[in-house]
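Colleague: My structure is below; once you've seen it, I'll send some questions.
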Amino acid sequence: MPIDWEPIWLTLRLAGITTLLLLILGIPLAGWLALSRFRLKPVVEALVSLPIVLPPSVVGFYLLLAFSPTSGVGAWLLRTFDVQLVFSFQGLVVASILYSLPFMVHPVQAGLENLPISWREASYTLGQSPIRTFWRVLLPNCKPALLTGIVLSFAHTIGEFGLVLMIGGNLPGQTRVASIAIYDAVERLHFETAHAYAALLLGLSFVILLLVYAINKRVTI
Amino acid sequence: MIEFDLTIPRLFSEGTGALTVQLTLETGSLTALTGPSGSGKTSVLRLLAGLDKPTQGRIAVDGVTWFDPVHRVNLAPQQRSVGYVFQDSALFPNMTVRENVSYAAPTGQVRRVDDLIDATGIRPFADQKPARLSGGQRQRVALARALVRRPQLLLLDEPFAALDADSSQALRPVLLDLHRQWGTTTVLVSHYDADVRALADRVIYLQQGRIARDTVVAGLPARSGERIEHIHFDKVTQQWVIDTATSQFRSGNPDWQRFAVGDQVRLQ
């Protein structure tokens, strides 16, 4: 039985877009968490870390409620932007960003916190703003942490199942990613198809992790 | 003229207390802060740079107030005209030596960067990353970087501490030449007598967060009016040494042999 490549491409597209958006959102957030002395910082840290400890179905359930066209947020999105997030690819992207946020934020935050404080202070005494210091001095010296964040976010999004099922369901070409396709194939007793998808994900994940460890060893600032 | 009066609570080896330092530094002077570990030397530099905030006091540099809680003035480190050389040099590893020096250079000041690179003798490795440099070379780069904005106040925190004797000896004339050439008011933290003797024209000895001794190496300070309690010639340093109740003055000036115990230290 020939394999349907669409779930694989959809998975890679979802993981790629999620990772890209996480870079844009996660890096400033990680920087703020690493460098800020804001009193309520632990609250933000706890919120960011929630997806690690919560079952995906819990996150998925609340996002489903929030994105539903009958809820405040969902209705507003539909009315204002004509966007419906439940059972759509956009919804999967938003849910994946929230769910994979700690996998981008934690490594980058830890990388920034481990840098000598004197680098930051040297930049300040040289008249440079905190933002310029962050982009020119701190972030470029966190390459291994950044790479870890990128790969963990990408790999974690590839492996999502419960959240995707709750938010996206199983719509071919829209929300039917590889993990859903495996579940679907097993349900239909198409073990050969399930095996093909599973082996592909296994190989892909292994190669990604292998690349991370190999590159991280070589990365020099 | 740099005037400061700083107070901050601190933990000393003999218990908690307060770092309280009041000083006036002449423009263009090179003052050394010495004293045992934990006496508050580095804290003074950090307070001057704005990296830490005093609980009370005042800092004024050439008539401009940098810190005055009464008038709610507390300039950020970026707004203070300081150059700071850290003990670990704090060079940015992602940048080459030249990039480190030019990182904070004012726009269009390529020549100043080149001048500093030459003055500190770092041109042979200007295109290398700091990781490939020795401790002494790194401190030269840090010195050039700290001076690139022509700061009013140069703060040197144990620049020789991590260096071997040869590197330390090689760095001293570089520092002294730059000080003479650029005339930047400098505060040097060091607990090495050799560095202090070779560089400083005034030595402040801190103990438990207080000034225990204020020694002017050359010339007599304008503020003095005390009587000489003791005078002798130090054969090792080839200098006359005058002790008053609170201060010690040193100079190689042969005219000092005319002073005697009981003379009042005159204004200059």
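Where a number appears in this text, it was derived from the coordinates with a stated rule and is not lab data. Just so we're clear, the structure is a prediction, and the values are computed from it rather than from any experiment. All Cβ positions, even for glycine, are placed from backbone atoms using ideal geometry, and neighbour counts span all protein chains on display.
Colleague: Can you find, among B:Thr96, B:Leu147, A:Gly91, the residue farthest towards the positive end of the dipole of the protein assembly as shown? Put +1 on the C-beta of Lys and Arg, -1 on that of Asp and Glu.
Modeller: Selected residue: B:Leu147.
Colleague: Given bins 10 angstrom wide, list per bin the percent of all Cα-Cα distances in chain A, short to long.
Modeller: With 10 Å bins starting at 0, P(r) equals 8, 28, 31, 21, 10, 2, 0.
Colleague: What is the angle, in °, between the Cα long axis of helix B:165-182 and the longest principal axis of the Cα atoms in chain B? Nearest 10 is fine, range 0 to 90.
Modeller: Once rounded, the angle reads 90 degrees.
Colleague: Zone of B:Gln56 (label point 7 Å along Cα→Cβ, backbone N under 17 Å): which residues in the range B:1-30?
Modeller: B:4-10, B:17-23
Colleague: Exposed loop sites here are trypsin sites (Lys or Arg not before Pro) in DSSP loop states with at most 13 other C-beta atoms within 10 Å. What is the longest stretch of chain A lacking them?
Modeller: The answer is A:40-187.
Colleague: Still on this structure: Using a Förster distance of 30 angstrom, determine the FRET efficiency expected from the C-beta separation of A:His190 and A:Phe61, and round it to 0.05.
Modeller: Working from the Cβ atoms, E equals 0.60.
Colleague: In Å and whole numbers, how far do the C-alpha atoms of the range B:226-268 stretch along each principal axis, longest first?
Modeller: Dimensions of the range B:226-268 along the principal axes of its Cα atoms: 26, 18, 16 Å.
Colleague: What residues have an amide H closer than 5 Å to that of B:Leu154, excluding those fewer than 5 places away on the same chain, when H is modeled at 1.01 Å from N in the peptide plane?
Modeller: Long-range HN contacts for B:Leu154: B:Gly83, B:Thr185, B:Thr186, B:Val187.
Colleague: Would you be so kind as to identify which of A:Ala66, A:Trp76, A:Leu40 lies farthest towards the positive end of the dipole of the range A:11-218, taking Lys and Arg as +1 and Asp and Glu as -1 on Cβ and the Cα centre as origin?
Modeller: A:Leu40
Colleague: Using a ≥ b ≥ c from the Cα gyration tensor of the range B:152-191 (square roots of the eigenvalues), is it rounded, prolate or oblate, where a/c under 1.5 gives rounded and otherwise the larger of a/b and b/c decides, a/b for prolate? Please report the intermediate quantities before stating the final value.
Modeller: On the way: a/c = 3.59, a/b = 1.45, b/c = 2.47.
Note, shape of the range B:152-191 comes out oblate.
Colleague: Also, quick follow-up: Using only atoms on other chains, find how many Cβ atoms lie within 10 Å of each Cβ of peptide B:83-95 and report the average.
Modeller: Taking all residues of B:83-95 together, the mean is 6.
Colleague: Using θ = phi - 60° and the Karplus form 6.51 cos²θ - 1.76 cosθ + 1.60, what ³J(HN,Hα) does each residue of the range B:2-8 get, whole Hz, x for Gly and Pro?
Modeller: 10, 10, 8, 9, 10, 9, 8
Colleague: Measuring from the lowest to the highest alpha carbon on each principal axis, how far does chain B reach, largest first, in angstroms?
Modeller: The Cα atoms of chain B stretch 59, 46, 36 Å along their principal axes.
Colleague: Against the longest principal axis of chain A, how steep is helix A:191-218, in degrees 0 to 90 to the nearest 10, with axes from Cα atoms?
Modeller: 10 degrees
Colleague: Hey, got the dipole for chain A? About the Cα centre, +1 on K and R Cβ, -1 on D and E Cβ, debye to the nearest 20? Working shown, then result.
Modeller: On the way: 13 positive and 10 negative charges, 184 e Å.
With Lys and Arg at +1 and Asp and Glu at -1, about 880 debye.
Colleague: Please return the longest range in chain B lying between exposed loop sites, taking trypsin sites (Lys or Arg not before Pro), DSSP loop only, at most 10 other beta-carbon atoms within 10 Å, and leaving the sites out.
Modeller: In short, B:73-234.
Colleague: For a label point 7 Å from the Cα of B:Asp118 along Cα→C-beta, name the residues of the range B:161-195 whose backbone N is under 18 Å from it.
Modeller: B:174-175, B:177-183, by backbone N distance to the label point.
Colleague: Related question: Given a Förster distance of 60 angstrom, what is the FRET efficiency for B:Ala18 paired with A:Phe161, based on the Cβ-Cβ distance and rounded to 0.05?
Modeller: Calculated value: 0.50.
Colleague: Indicate the gyration tensor shape class of the range B:104-185 (rounded, prolate or oblate), computed on the Cα atoms with a ≥ b ≥ c the square roots of the eigenvalues: a/c under 1.5 is rounded; otherwise a/b larger than b/c is prolate and the rest oblate.
Modeller: Oblate.
Colleague: At a Förster radius of 22 Å, what calculated FRET efficiency corresponds to the Cβ-Cβ distance of B:Gln109 and B:Leu75, to the nearest 0.05?
Modeller: Details: r = 23 Å, r/R0 = 1.03.
Efficiency at R0 = 22 Å is approximately 0.45.
Colleague: May I pose another question? Using only the Cα atoms of the protein assembly as shown, build the gyration tensor, take square roots of its eigenvalues as a ≥ b ≥ c, and label the shape rounded, prolate or oblate: rounded if a/c is under 1.5, else prolate if a/b is larger than b/c, else oblate.
Modeller: prolate
Colleague: Could you work out [θ]222 nm for the protein assembly as shown from helices alone, using -39500 (n - 2.57) per DSSP H run of at least four and dividing by all its residues? Round to the nearest 500 deg cm²/dmol. Display every interim value, and only then the final one.
Modeller: Working: 17 runs with 227 residues, N = 489.
Computed mean residue ellipticity for the protein assembly as shown: -15000 deg cm²/dmol.
Colleague: Residues with amide H under 5 Å of B:Gln248's amide H, sequence separation 5 or more or different chain, H placed in the peptide plane at 1.01 Å from N; which?
Modeller: Hits under the 5 Å cutoff: B:Asp214, B:Thr215, B:Val216.
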